[in-house]
Amino acid sequence: MPRLEVLQEGNVRLRPVSLPDDIDVAWAWYQDVETLALSQRPGTEPLSRDRVARMYQYQAAHGEFYMIEIQGAIGVQDAADSPSWHPIGDVMLAPDTLPIVIGVPAARRRGIGRRVLALLIARARQLGWPTLQAKEIWSYNEGSRRLFQSAGFVLAATGVDPGGQPYERYRLDLRGP
């Protein structure tokens, strides 16, 4: 796999995950009930540090795995004026899965996910991929569904996981404009 580069748009950037350094930062996100409900499934118990480490190692080995960072403080209008970058989530880019996790609650519903997705779509096109797929979006996760739909993803399938939770799968054809 080629060496990953930083992807950036304004005050949002995706930098390659640094293992094991980023595990402790991420571990805190996977203690949050809302983060777990949005990214894993409702009722998921907080993840142990070892489980986060295993998850990060898997994602780094099976796709392009990035930390989502913003420049400046969350909630400050002119945050881009600050030189400091702060990790707020993670994302894996692979043709068949595209999990975006905004782990810092204050960073949600601020348009960051839309900018992250635009960077990933551009990267997938650069790699020459014909399609991208958002594998499992829980049916109740309206924000994620709207995010992917707004970027041109279309509903490709529905299903129910082994625990009975309904999900939707979205696909984007990258061969068009």
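Put a dot 7 Å past the Cα of Trp129, heading toward its Cβ, do the same for Leu19, and the two dots end up 1.9 nm apart.
Put simply, the amide H of Gly103, placed in the peptide plane, has neighbours under 5 Å in Gly89, Asp90, leaving out anything fewer than 5 places away on its chain. With neighbour counts taken as other beta-carbon atoms within 10 Å, the residues Met55, Met92, Met67 rank, fewest first, as Met55, Met92, Met67. Considering the options Val12, Thr35, Ala157, tell which one lies farthest towards the positive end of the dipole of the chain, charges being +1 on Lys and Arg and -1 on Asp and Glu at the Cβ, about the Cα centre. My answer, from the dipole projection, is Ala157. Once the Cα-Cα distance is subtracted from the 0.36 nm per residue extended length, the Ala61 to Thr158 segment shows a gain of 32.2 nm.
Dipole magnitude for segment 7-173: computed about the Cα centre from +1 point charges on Lys and Arg Cβ and -1 point charges on Asp and Glu Cβ, it is near 420 debye. Between the beta carbons of Arg49 and Gln149, assuming R0 = 22 Å, the FRET efficiency works out to 0.05 to the nearest 0.05. Around the amide H of Thr131, modelled in the peptide plane, lie the amide H atoms of Leu174, all under 5 Å away and 5 or more residues distant in sequence or on another chain.
Measuring r between the beta carbons of Ser139 and Ser84 and using R0 = 30 Å, the FRET efficiency lands at 0.20. Sequence-ordered 3J(HN,Hα) estimates for segment 104-113 from the Karplus curve with 6.51, -1.76 and 1.60 and θ = phi - 60° stand at 9, x, 5, 8, 7, 6, 10, x, 5, x Hz, glycine and proline given as x. Sorted ascending by nearby beta carbons within 10 Å, beginning with the fewest, Ile112, Ile23 become Ile23, Ile112.
The stretch between Asp96 and Leu4 holds 31.3 nm of extra length on full extension. This uses 0.36 nm per residue minus the Cα-Cα distance.
Size descriptors for the chain: radius of gyration and Dmax over Cα atoms are 15.7, 47 Å.
Listed by Cβ neighbour count within 10 Å, with the fewest neighbours leading, His62, His86 appear as His62, His86.
A short reminder: the numbers here are calculations on the coordinates, not readings from a lab. A quick note: this is a predicted structure, and the numbers were derived from the prediction, not measured. Every residue, glycine among them, receives a Cβ derived from its backbone with ideal geometry; neighbour counts consider all protein chains shown.
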